[in-house]
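One structure is given here, and the rest of the page talks about it.
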Amino acid sequence: MRTLIHGGDIVAHDQGGHRLLRGGALVFEDERIAFVGRGDPGPVDQRIDATGHLVMPGLINIHCHADVEAGGRLVADCGRRDFFQAGFLNYNAAPRGVRNLPARQDPWIGGRFAMVEMLRNGCTTVVDIGTAAAEHAAIAGELGMRAYLGPAYKSYDYRMGERGELFYDLDEAAGLRALDRARDFVRAHHGAHQGRIQGMLFPFQVETCTPTLLKATRQAADEMGVGIEIHAGQNLLEFHEILRRHCQTPIEYLADTGLLGPDAIVGHCLINSAHRLAGLPAGRDLEILAASGASVAHCPLVFARRGNAMESLHRFRAEGINVGLGTDTYPRDLISEMRLAALFCKVVEHDFSVATSAEVFSAATLGGARALRREDLGRLAPGAKADIVLVDMRSLRIGPYRDPIKALVQCGTGDDVRRVIVDGRAVVEGGHVLGADEARVLADAQREADRLWAEVPEWHWEKQTADELSPPSFPELVGDLWGGR
Ligand SMILES: [Zn+2]
């Protein structure tokens, strides 16, 4: 089956970078792109009119937790001061023997909600870090999404003591057993659903993994030929915890255990020896990262919500570090994430010329592909996978434009996505995800989140309610208000 997309502005790929083809043609045959250009593409079986649309590669989200984010949504504007800017510790640490909030979720509802949201917003490939890899593999398989999956594991649990003090609860053997289960998952699922499901190893966070677990992870990744992603440089507490335990920065620690390499992605790397809040006199973290070939998953929105920003996307790139984009928590809209990546970098550097629209667009496509070591993703060129997104550029918010990439990055959102194709198969048409009842997916997610919020006192160390933990923005209106009599 050969399909022609014509009439739009096409982001083509040639000689290592994106090129703009205005009003050309793209043909894909089954799951691969066969032609991009202005010439005669030969006979086709079906045609897609892309007039007024930007035709771009499917976006790659290299850091995501596919769930309803009941916890993340609780900590907007609030949280404990002694966790510094970390949001997740507010709902991940529960007293011993008590299930924390993430452990209470239904993986089917959260996984389906998050993947439907991502496809709707033009994301075709996701690196999904969580514990419900088997359920999420089934959901991605059914929806037609491309996903890198594995059950995350760790040696330490975050725990809360009687006075609300955070401590790290070590069980080395449990961490190693969980790595074995992750290895089994990869063996069972790697390459499933026509190769759309890929295995990956997720030692959860740098401060919850011992050197033994990290070294075993490196060995397993080498044996199986799969990638690794770990959270590191997430917040000040973690950065200084690793310094205290190992007399090393998290990046030095990861390099020392052999975890870093071209197959490794460091989630966030916000707090590192180059960040002004780290409080170190000097350091070589960016140099070490660049030399290792590891990539960084940059998620600007979730950190801005906690009052922090990478310092900076421009410096990471100038150092030669590959950076891809992720959404981490919510919302899962990589088009908005591109804009925030550009704006925060310009603000941090006080320089309008850095983090251009071209750079952040490339990070969300080619940067992600490089992080996953995929030369057939993130680009529209013959031989690449037919992962294609059509964005309707005819909206009041986007307005008049000369340069569709600048227009998309400055004005676009996931709502502008109209059609998404993964592996040559239509997964979104007319702005709706095929094979999913969006209204029902959303209603299920609301019900699930309401249930989880009602359970807050069951895991909170001080038995706080959701309203106490996360005070409403405005007090509730009491009584009726009447006018004119
Ligand atoms: Zn994360």
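Just so you know, all these numbers are worked out from the coordinates, no wet-lab data involved. Predicted model only: the values in this text are computed from it and were never measured. Methodologically, a virtual Cβ is constructed for each residue, glycine included, from the backbone with ideal geometry; neighbour enumeration extends over all protein chains shown.
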Next on the checklist: Taking just the alpha carbons, could you work out the radius of gyration and Dmax for the range 404-463, both in angstroms?
Outcome noted: 18.3, 52
Checklist entry - Using the eigenvalues of the Cα gyration tensor, what equivalent ellipsoid semi-axes result for the range 171-230 when each is taken as the square root of five times the eigenvalue, whole Å, largest first? => result 22, 11, 10
Item to check | Sorted peptide list for 412-421, 6-15, 446-455, criterion being average Cβ within 10 angstrom, highest first | outcome: 412-421, 6-15, 446-455
Next on the checklist: Over the Cα atoms, compute the radius of gyration (one decimal) and Dmax (the largest Cα-Cα distance, rounded to a whole number) for the chain, in Å.
Outcome noted: 22.5, 80
Checklist outcome for this item: Cα gyration tensor of the range 229-303 diagonalised, 5x eigenvalues square-rooted, in angstrom largest first, produces semi-axes 17, 15, 11
Checklist entry - When ranked by the protection proxy of mean other Cβ atoms within 10 Å per residue, highest first, what sequence do the peptides 59-66, 288-295 form? => result 59-66, 288-295
Next on the checklist: Beyond 16 Å, how much of the Cα-Cα pair distribution for the range 277-389 remains, as a whole percent?
Outcome noted: 62
Next on the checklist: Just to be sure I understand the model, the point goes 7 Å from the Cα along the line to the Cβ. What's the resulting ASP403 to ASP184 distance in nm?
Outcome noted: 5.3
Item to check | Total charge dipole magnitude, the range 22-93, about the Cα centre, Cβ charges on Lys, Arg, Asp, Glu only, Debye to nearest 20 | outcome: 360
Checklist entry - So which lysines can LYS154 reach, going by Cα to Cα under 17 Å and dropping same-chain residues fewer than 8 places off? => result LYS215
Item to check | Dimensionless Rg/Rh of the range 61-180 - Kirkwood Rh, Rg from C-alpha atoms | outcome: 1.00
Item to check | Linear extension gain, ARG99 paired with ALA439, 0.36 nm per residue minus alpha-carbon span | outcome: 119.4 nm
Next on the checklist: Please compute the length gained on full extension between LEU277 and THR51, using 0.36 nm multiplied by the number of residues separating them and subtracting their Cα-Cα distance.
Outcome noted: 76.6 nm
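Send over the semi-axes of the range 303-355's equivalent ellipsoid, whole angstrom and largest first, taken as the square roots of 5 times the C-alpha gyration tensor eigenvalues.
Taking √(5λ) for each Cα gyration eigenvalue gives 18, 13, 10 Å.
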Next on the checklist: As an exercise, find the ratio Rg/Rh for the range 193-339 from alpha-carbon atoms, using the Kirkwood inverse-distance average for Rh.
Outcome noted: 0.96
Item to check | Expected 222 nm ellipticity per residue - DSSP helices of 4 or more, -39500 (n - 2.57), all of the chain, to 500 | outcome: -9500 deg cm²/dmol
Item to check | Spin-label pair GLN446/THR212, simplified geometry with 7 Å Cα→Cβ offset, distance in nm | outcome: 4.9
Item to check | Principal axis dimensions, largest first and in whole angstrom, of the range 353-444 by Cα | outcome: 44, 36, 25
Checklist entry - For the residue pair ARG22 and ARG373, what label-to-label distance in nm results when each label sits 7 Å from Cα along the Cα-to-beta-carbon direction? => result 4.0
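Grab the alpha carbons of the range 49-117, take their convex hull, and tell me the volume per residue in Å³.
Values: hull volume 10.1 nm³, N = 69.
Convex hull volume per residue, Cα atoms: 146 Å³.
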Checklist entry - What is the spread of the Cα atoms of the range 320-386 along each of their three principal axes, largest first, in whole Å? => result 40, 27, 18
Next on the checklist: Positive end of the dipole of the chain, charges at C-beta (+1 Lys, Arg; -1 Asp, Glu), about the Cα centre: which of ILE5, PHE185, GLY431 has its Cα farthest in that direction?
Outcome noted: ILE5
Next on the checklist: Report the gain in length on full extension from GLU455 to ASP30: 0.36 nm times residue separation, minus Cα-Cα distance, nm rounded to one decimal.
Outcome noted: 148.3 nm
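Please work out the FRET efficiency for the pair ARG244 and ARG163, using the Cβ-Cβ distance as r and a Förster radius of 30 Å; give the result to the nearest 0.05.
On the way: r = 20 Å, r/R0 = 0.67.
After rounding, the FRET efficiency stands at 0.90.
Taking the Cα centre of the range 296-335 as origin, work out the dipole magnitude from +1 charges on Lys and Arg Cβ and -1 charges on Asp and Glu Cβ, in debye rounded to 20.
Numbers: 5 positive and 4 negative charges, 14 e Å.
Result for the range 296-335 is approximately 60 debye, rounded to the nearest 20.
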Item to check | Under-5 Å amide H pairs with VAL323, H placed in peptide plane, nonlocal only | outcome: VAL296
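What dipole magnitude, in Debye to the nearest 20, does the range 211-313 give about its Cα centre under +1 on Lys/Arg Cβ and -1 on Asp/Glu Cβ? Could the numbers behind the result be given before it?
On the way: 8 positive and 11 negative charges, 74 e Å.
Here the range 211-313 has a charge dipole of around 360 debye.
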